[in-house]
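Each value in this text was obtained by applying a stated rule to the coordinates, not by laboratory testing. All figures in this text were calculated on a predicted structure; none of them were measured in a lab. Glycine gets a Cβ as well: all are built from the backbone with ideal geometry, and neighbour counts include every protein chain shown.
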Amino acid sequence: MLAVVSQRLNGHTAQLEYAIAANMNRYRLEIKPVQLLPLASGEAQQVNAGEAVAIEENAGRDLQPRHQVVESVAMLKVNQQTNAVEITWTPIIGPARVSNTCIVPLSETPTVFTNGYVEGMPFHWN
């Protein structure tokens, strides 16, 4: 499971505090600043709003016998139009890599977002 607290610090910088809990030896995050534009249909169009940041590191401390947890902070360059970040997170154990992608809102106040799988079923709450 991925838990994120996102916040725009100023017009050029965003901070993402994150925790990942999964059965993993390593993990990979790709964080991409985006702008979500509302369409007349009620859907949103996603436009890239900056350079993606990739993080790949060893898993953190043991959470329970088969799971590890890692907690960290990522700083991201954004522009005035950036109103969300797209996060693709991948717990890695051996050759197995299953990725999950989510869109996390970005504003001047902290936003809490979680995304993950519980016993193989999708889980999402925000």
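Things worth noting here:
- Approximate spin-label separation ARG97-VAL112, in nm, with each point projected 7 Å along Cα-to-Cβ: 3.2 nm
- Under the Karplus curve 6.51 cos²θ - 1.76 cosθ + 1.60, θ = phi - 60°, whole-Hz ³J(HN,Hα) for region 50-60, x wherever Gly or Pro sits: x, 7, 6, 10, 10, 10, 9, 9, 5, 5, x
- Debye intensity ratio I(q)/I(0), log10, region 37-105, q values 0.17, 0.24, 0.25 Å⁻¹ (C-alpha model): -0.82, -1.22, -1.28
- Relative exposure of ILE92, ILE55, judged by other C-beta atoms within 10 Å (fewest first): ILE55, ILE92
- Long-range amide H partners of GLY60 with built H, under 5 Å: VAL69, VAL70
- Efficiency of FRET from Cβ geometry, GLU57 and LYS77, R₀ 22 Å, rounded to 0.05: 0.65
- Charges were assigned to the Cβ only: +1 to each Lys and Arg, -1 to each Asp and Glu. The resulting dipole of the chain about its Cα centre is roughly 140 debye.
- Hull shadow area, averaged, the chain [alpha-carbon convex hull, nm²]: 8.2 nm²
- Footprinting exposure proxy for LYS77, LYS32 (fewest neighbouring C-beta atoms within 10 Å first): LYS77, LYS32
- Stretchable slack from THR88 to THR13, in nm (0.36 nm times residue separation minus alpha-carbon distance): 25.1 nm
- Summarising the amide proton neighbourhood of MET24: residues at separation of 5 or more, or on other chains, whose placed amide H is nearer than 5 Å comprise GLN68.
- Cβ crowding within 10 Å, taken as a proxy for footprinting-reagent exposure, orders THR13, THR90, THR111, THR82 from fewest neighbours to most as THR13, THR111, THR90, THR82.
- Under a 5 Å amide H cut-off, with hydrogens placed 1.01 Å from N, LEU106 pairs with ALA84, VAL85 among residues at least 5 apart or on other chains.
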